[in-house]
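Quick one: structure below, then a few questions.
The values are calculated or read from the model by the stated rules, or taken from the named source; none is laboratory data. Bear in mind the structure is a predicted one, so any value in this text is a computation, not a measurement. As a convention, Cβ positions derive from the backbone with ideal geometry for all residues, glycine included, and neighbour counts pool all protein chains shown.
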């Protein structure tokens, strides 16, 4: 037995997070770890990563009782964690990031830059990334950063790899690269704890499955013994409807129009219209220009050419504040870097934009703010524990908080970049339903997603970007599936 966790308990601020959790994994085993947001998955990952120790219980690695908790000690034990948000150094090159803390040396003293660069080229080729190993990480897209982090894990040759949503935000092709990496790790005798919300990936690569709910393990069994219906019942979710959403007639009112918009090196000559109440999708692989286009529409990137019209009025965004003034909201795909303020509560993060827009709003009591949120965010959609610091919330709840921020501020145009990244099936259904309801109320959406099924389910029309160029429009579910 490589890893054996026995009767693990932990509490934060008086709230019991894990209750007598038992989990084990054998050599060469790939174990899936799933559960609703807040079920305790992230806490398990943090304990095994050395972020903090459990309050009670024992952990054995290779049969030896584990003591002393820190990321450095855990790495020495052969446990490597790949988080949802990759831990890379933006100002360093890809090569330096791949070998940080594990530099190849000549004569045991000098860094062997030539050998490391050659190895980096081999790894980039293996993962199908046509990028120079000298490229700075800050210039990479979010998906490219994730693949570099996966490659770094590959070079570490650890005994146990913990992968936390490793394919979130990746295209189908990129997802297959990661899944093949998992298979290769298994063949080499390494073990993997694979945290995901994607059932198809669990079926494809996992030998066993652990389901958590409310801080408890409610199932731990071999995959061949677990049915899809069993998983749905244990997670208390209904099967997600994948039917294409169509509307008989779009509103004649144009909420947003883009004419010949260009940003050198990102996208070129983009033109489209977004109608009131429309859900417009943007599909494309990493580096296609999807994220750069959304950031431009939110005022975070200034275009080199072209025009943007909001409600038929030409707007020159000088900053994101100009976009917010036009009631445009934006959910980034990198929530930790751009989406949340970690030390503020879930509640404060939710009302952040509204507080900035209405200075007098600061004078209201917390109870009035909570009432305001309950009035805007319908019952059943709101997050639990609004007074909890958001840094302690699960990744899925952090993502939903950013979404609700713009619903609270009553934005009329919402730009969503990978909106369901790191969110479980039940939360996806909640968000999908909320998007559809708000669209019926007249809110316009642009959704950039690597999940074609998501675009198929939600969008009335899809723009396809390839290398920054608009390729085609898809007007039906069949067209979209053909593109995938």
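Listed here are the residues, each with its yes/no results for (1) within 27 Å of residue 176 (Cβ to Cβ); (2) modelled with pLDDT under 85.
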| residue | (1), (2) |
| --- | --- |
| 95 | yes, no |
| 106 | no, yes |
| 129 | yes, yes |
| 142 | yes, yes |
| 147 | yes, yes |
| 152 | yes, yes |
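May I pose another question? When you look at residue 273, is it surrounded by 15 or more Cβ atoms within 10 Å (Cβ to Cβ), under 20 Å from residue 413 (Cβ atoms), in contact (Cβ under 8 Å) with a residue 12 or more places away in the chain and over 27 Å from the mean Cα position of the chain (by Cα), yes or no? Lay out the reasoning, then the answer.
On the way: surrounded by 15 or more Cβ atoms within 10 Å (Cβ to Cβ): yes; under 20 Å from residue 413 (Cβ atoms): yes; in contact (Cβ under 8 Å) with a residue 12 or more places away in the chain: yes; over 27 Å from the mean Cα position of the chain (by Cα): yes.
Here the answer is yes, as residue 273 does meet what is asked.
Might you check whether a residue that is assigned to a helix (DSSP H, G or I), under 24 Å from residue 397 (Cβ atoms), modelled with pLDDT of 90 or more and in the same structural domain as residue 311 (by TED's automatic domain parsing) occurs anywhere in the stretch 438-449? Explain how you work it out, then say what you get.
Start the filter on the stretch 438-449 by keeping residues that are assigned to a helix (DSSP H, G or I), which leaves 438-440.
From what is left, the residues that are under 24 Å from residue 397 (Cβ atoms) are 438-439.
After this cut, where a residue has to be modelled with pLDDT of 90 or more as well, the list is 439.
From the residues that got through so far, the ones that are in the same structural domain as residue 311 (by TED's automatic domain parsing) too are 439.
For the stretch 438-449, residues assigned to a helix (DSSP H, G or I), under 24 Å from residue 397 (Cβ atoms), modelled with pLDDT of 90 or more and in the same structural domain as residue 311 (by TED's automatic domain parsing): present.
Table: residues versus (1) in contact (Cβ under 8 Å) with a residue 40 or more places away in the chain; (2) touching a strand residue (DSSP E or B) at 6+ places or on another chain (Cβ under 6 Å); (3) within 22 Å of residue 399 (Cβ to Cβ).
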site	(1), (2), (3)
170	yes, no, yes
174	yes, no, yes
177	yes, no, no
186	yes, yes, no
192	yes, yes, no
197	yes, no, yes
204	no, no, no
208	yes, yes, no
212	yes, no, yes
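Another question, if that's okay. Specify the residue that is modelled with the highest pLDDT; the eligible residues are those in the stretch 450-484 that are surrounded by fewer than 18 Cβ atoms within 10 Å (Cβ to Cβ) and part of a loop (DSSP other than H, G, I, E, B).
Keep residues of the stretch 450-484 that are surrounded by fewer than 18 Cβ atoms within 10 Å (Cβ to Cβ), which gives 453, 466-467, 469, 471-473, 475-476, 478-479, 481-484.
Applying the additional criterion that residues be part of a loop (DSSP other than H, G, I, E, B) yields 467, 475-476, 484.
Details: 467: 87, 475: 48, 476: 49, 484: 48.
My answer is 467.
Before we move on, is residue 341 buried (at least 22 other Cβ atoms within 10 Å of the Cβ), in contact with a helix residue (DSSP H, G or I) (Cβ under 7 Å, 6 or more places away or on another chain) and at pLDDT 80 or above? Reasoning before the result, please.
Details: buried (at least 22 other Cβ atoms within 10 Å of the Cβ): no; in contact with a helix residue (DSSP H, G or I) (Cβ under 7 Å, 6 or more places away or on another chain): yes; at pLDDT 80 or above: yes.
No.
Looking at the stretch 222-246, which of the residues that are surrounded by 13 or more Cβ atoms within 10 Å (Cβ to Cβ) and farther than 23 Å from residue 31 by Cα is modelled with the lowest pLDDT?
Step one: list which residues in the stretch 222-246 are surrounded by 13 or more Cβ atoms within 10 Å (Cβ to Cβ), which gives 223, 226, 230-232, 234-235, 237, 240, 244-245.
Now narrow it down to the ones that are farther than 23 Å from residue 31 by Cα: 240, 244-245.
Values: 240: 47, 244: 44, 245: 49.
Taking the candidates together, the pick is 244.
Related question: Going by the structure shown, is residue 20 loosely packed, with under 15 Cβ neighbours inside 10 Å and more than 27 Å from the chain's Cα centre (by Cα)?
On the way: loosely packed, with under 15 Cβ neighbours inside 10 Å: yes; more than 27 Å from the chain's Cα centre (by Cα): yes.
Here the answer is yes, as residue 20 does meet what is asked.
In the stretch 216-234, what residues are in contact with a helix residue (DSSP H, G or I) (Cβ under 8 Å, 6 or more places away or on another chain) and under 15 Å from residue 41 (Cα atoms)?
Scanning the stretch 216-234 gives 218, 219.
Right, next: Return yes or no: is residue 44 in the same structural domain as residue 166 (by TED's automatic domain parsing), surrounded by 13 or more Cβ atoms within 10 Å (Cβ to Cβ) and in contact with a strand residue (DSSP E or B) (Cβ under 6 Å, 6 or more places away or on another chain)? Spell out how you get there, then give the answer.
Numbers: in the same structural domain as residue 166 (by TED's automatic domain parsing): yes; surrounded by 13 or more Cβ atoms within 10 Å (Cβ to Cβ): yes; in contact with a strand residue (DSSP E or B) (Cβ under 6 Å, 6 or more places away or on another chain): no.
No, not satisfied.
On to the next question. Out of the stretch 201-215, which residues are over 19 Å from residue 163 (Cα atoms) and surrounded by fewer than 16 Cβ atoms within 10 Å (Cβ to Cβ)?
Correct list: 214 only.
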